[in-house]
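Participant: Structure in structure tokens, see below.
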């Protein structure tokens with residue numbers, strides 16, 4: 001399987017705990033994106049990387065959130081001091097330039113529940 | 001206010017029926033995308049429409065981009081239970097690094 005993978009698929013944590021999610025993009029893709037999706041909504045952009053450089057961060061990404069892509073391959077998203085409002089599906093996507101556009105391929109997501 | 005408004009929010013129909021879902025905005029877009037998302041999975045790109053008035057077909061799915069490039073529709077002919085899912089329209093920002101999604105239409109096709 002050469003698609004985008006995410007780990008874990010589900011995470012239940014208590015409020016105040018830290019959590020870390022991992023995303024493995026499609027191997028030849030140089031761009032990697034993180035989105036958050038809450039119930040009844042479409043995904044919302046959080047941040048993106050081109051290779052190892054984090055080039056854009058949404059205002060949704062508070063100081064408690066940090067993302068890394070240390071070697072330009074896999075990425076991690078860490079949430080510190082989780083709050084109940086952080087409960088959501090966290091989606092990762094990757095892309096490379098093809099033709100005249102970057103087509104994003106999404107992973108299955110990590111569903112976070114904060115109790 | 002959502003940049004992209006999708007309607008209806010929810011649709012439940014019988015197998016074999018036809019349906020149309022809509023994506024509207026007050027802004028003009030250079031292109032618009034439609035995705036389908038199944039429960040517990042990430043969105044999967046179905047089509048990108050670029051030209052005003054463009055119509056694209058994908059088996060029983062017909063996508064149309066409005067002449068003014070401010071709206072789009074997705075029509076499904078003879079819906080099947082396998083069509084069940086969340087249909088999202090989306091646009092890509094300048095530079096192509098961010099995809100902005102609508103809230104989606106949740107479709108349920110009953111056998």
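The values are calculated or read from the model by the stated rules, or taken from the named source; none is laboratory data. Values in this document were obtained by computation on a predicted structure and should not be read as measured data. Counting neighbours? That spans all protein chains shown, and the Cβs are built from the backbone with ideal geometry, glycine included.
Participant: Do any strands (runs of 3 or more DSSP E) entirely within chain B hold 1 or more residues that are away from every other protein chain (no Cβ under 14 Å), and if so, which? Show your work before the answer.
Facilitator: Details: elements: B:5-7, B:10-14, B:19-24, B:32-37, B:44-49, B:55-58, B:61-65, B:71-76, B:85-92, B:99-101, B:105-110.
Fully inside chain B and qualifying: B:10-14, B:19-24, B:55-58, B:61-65, B:71-76, B:105-110.
Yes/no matrix, rows are residues, columns are (1) over 23 Å from residue A:49 (Cα atoms); (2) in contact with a strand residue (DSSP E or B) (Cβ under 7 Å, 6 or more places away or on another chain); (3) crowded, with 17+ Cβ neighbours inside 10 Å:
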position: B:35; (1), (2), (3): no, yes, yes
position: B:40; (1), (2), (3): yes, no, no
position: B:54; (1), (2), (3): yes, yes, yes
position: B:79; (1), (2), (3): yes, yes, yes
position: B:85; (1), (2), (3): yes, yes, yes
position: B:88; (1), (2), (3): yes, yes, yes
position: B:106; (1), (2), (3): yes, yes, yes
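Participant: Could you check how many residues of region A:57-66 are within 14 Å of chain B (Cβ to nearest Cβ) and within 13 Å of the chain's Cα centre (by Cα)?
Facilitator: Pass one, region A:57-66, residues within 14 Å of chain B (Cβ to nearest Cβ): A:57-61.
With the extra rule that they be within 13 Å of the chain's Cα centre (by Cα), the set shrinks to A:57-58, A:60-61.
Within region A:57-66, residues that are within 14 Å of chain B (Cβ to nearest Cβ) and within 13 Å of the chain's Cα centre (by Cα) number 4.
Participant: Would you pick out the residues in region B:67-77 that are at pLDDT below 90 and touching a strand residue (DSSP E or B) at 6+ places or on another chain (Cβ under 9 Å)?
Facilitator: Step one: filter region B:67-77 for residues at pLDDT below 90, giving B:67-70.
Correct list: B:69, B:70.
Participant: Continuing with this model, one more query. When you check residue A:90 against the structure, is it at pLDDT below 95 and either within 14 Å of chain B (Cβ to nearest Cβ) or surrounded by fewer than 22 Cβ atoms within 10 Å (Cβ to Cβ) (or both), yes or no?
Facilitator: On the way: at pLDDT below 95: no; either within 14 Å of chain B (Cβ to nearest Cβ) or surrounded by fewer than 22 Cβ atoms within 10 Å (Cβ to Cβ) (or both): yes.
When the stated conditions are applied, residue A:90 does not pass them.
Participant: Also, I was wondering about something else. When residue A:74 is evaluated against the numbered criteria (1) more than 19 Å from residue A:114 (Cα to Cα); (2) exposed (fewer than 14 other Cβ atoms within 10 Å of the Cβ), which criterion, by number, is the only one it fails?
Facilitator: (2)
Participant: Go through region A:95-115 and report how many residues are in a loop (DSSP other than H, G, I, E, B) and within 14 Å of another protein chain (Cβ to nearest Cβ). Before the answer, list the steps.
Facilitator: Here is the first cut: in region A:95-115, the ones in a loop (DSSP other than H, G, I, E, B) are A:96, A:99-100, A:103-104, A:107-109, A:115.
Subsequent filtering for residues that are within 14 Å of another protein chain (Cβ to nearest Cβ) retains A:96, A:99-100, A:103-104, A:107-109.
Selection size over region A:95-115: 8.
Participant: I would also like to ask the following. Of the residues that make up region B:2-14, is at least one under 25 Å from residue A:95 (Cβ atoms) and surrounded by 19 or more Cβ atoms within 10 Å (Cβ to Cβ)? Don't jump to the end; show me each part of the working.
Facilitator: So in region B:2-14, the residues under 25 Å from residue A:95 (Cβ atoms) come out as B:2-4, B:6.
This time we only want the ones that are surrounded by 19 or more Cβ atoms within 10 Å (Cβ to Cβ), so: B:4, B:6.
Yes.
Participant: Surrounded by fewer than 18 Cβ atoms within 10 Å (Cβ to Cβ) and under 17 Å from residue B:44 (Cα atoms): which single residue out of A:103, A:83, A:28 fits that description? Talk me through it step by step, then tell me what you get.
Facilitator: Working: A:83 fails: under 17 Å from residue B:44 (Cα atoms); A:28 fails: under 17 Å from residue B:44 (Cα atoms).
Step by step, each of A:103, A:83, A:28 is checked, and only A:103 is surrounded by fewer than 18 Cβ atoms within 10 Å (Cβ to Cβ) and under 17 Å from residue B:44 (Cα atoms).
Participant: Please state which one of A:6, A:50, A:17, A:41 is within 11 Å of chain B (Cβ to nearest Cβ) and modelled with pLDDT of 95 or more. Show your work before the answer.
Facilitator: Working: A:50 fails: modelled with pLDDT of 95 or more; A:17 fails: within 11 Å of chain B (Cβ to nearest Cβ); A:41 fails: modelled with pLDDT of 95 or more.
Of the residues listed, the single one that is within 11 Å of chain B (Cβ to nearest Cβ) and modelled with pLDDT of 95 or more is A:6.
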